[in-house]
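Written below as structure tokens is the structure these notes are about.
The values are calculated or read from the model by the stated rules, or taken from the named source; none is laboratory data. Computed from a predicted model, the values in this text were never measured in an experiment. For neighbour counting, all protein chains shown are included, and Cβ atoms are generated from backbone atoms with ideal geometry for every residue, glycine included.
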């Protein structure tokens, strides 16, 4: 069976699609068969990213590794098995269509709570939650006391992950390996960065996730999207000299993929 990677966070703007594209492309470049889908049915950022990549390769004649991508199938209500939610059925069919030809299936979830996102989280073998490095985003994971930052309890997203874990346990599936990545780390505001780091460290032990390095705030990530490129592609398209920022960003991608510790993956880029 394919290993399912879900990239989820109920808050928009945390870098989910950038993370999804870089992880999926990194795995494809290493020779793994990767299927992807985007559950943000309105915005479809990951779907458009991959579409841009296909267009760039066709236009420039490059043979870059491209993950497979499928949309959720359209299903007539009368074709849904009795007692089954139509969106649950659509997602299950999409996964089934990718599974025979995939080592990994990566699912990019919307920045909001939806039935599709909830079901995808229950399917996750590995869950990646990109988090902007601020207490605004931290609040999605836990409620804190303003006076001293003490953790009062899990917040809405953590409770949803807990529910997904229970669903998997009841089905006899292995537990979710949950990784929270700290995105948009800046060189300034060192005090805030330290406080967020300490809070994540405490919370990780309490509700069971690993903290991993994410992506710093860099212009290059926004510039790559229209061409469907990732940091790993720059030399392949004739960019012989990478500046120090690009080299550092490439290392961030490598560190993230290595930290995921996915089955059968030996990081070699």
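Of all the residues in region 66-98, those that are loosely packed, with under 14 Cβ neighbours inside 10 Å and touching a residue at least 60 places away in the same chain (Cβ under 8 Å) number 0. Scanning region 48-65 for residues that are assigned to a loop (DSSP other than H, G, I, E, B), in contact with a helix residue (DSSP H, G or I) (Cβ under 8 Å, 6 or more places away or on another chain) and either in contact (Cβ under 8 Å) with a residue 60 or more places away in the chain or surrounded by fewer than 17 Cβ atoms within 10 Å (Cβ to Cβ) (or both) turns up 62, 63, 64. Scanning region 218-268 for residues that are loosely packed, with under 12 Cβ neighbours inside 10 Å and in contact (Cβ under 8 Å) with a residue 60 or more places away in the chain gives 263, 264, 266, 268.
Which numbered condition trips up residue 42, out of (1) at pLDDT 95 or above; (2) surrounded by fewer than 18 Cβ atoms within 10 Å (Cβ to Cβ); (3) more than 24 Å from residue 214 (Cα to Cα)? Failing condition for residue 42: (1).
Hey, can you tell me all the residues within region 1-16 that are under 9 Å from the mean Cα position of the chain (by Cα) and modelled with pLDDT of 95 or more? Those that are under 9 Å from the mean Cα position of the chain (by Cα) and modelled with pLDDT of 95 or more: 5, 6, 7, 8.
Taken over region 1-21, residues that are surrounded by 24 or more Cβ atoms within 10 Å (Cβ to Cβ) and farther than 20 Å from residue 157 by Cβ amount to 1.
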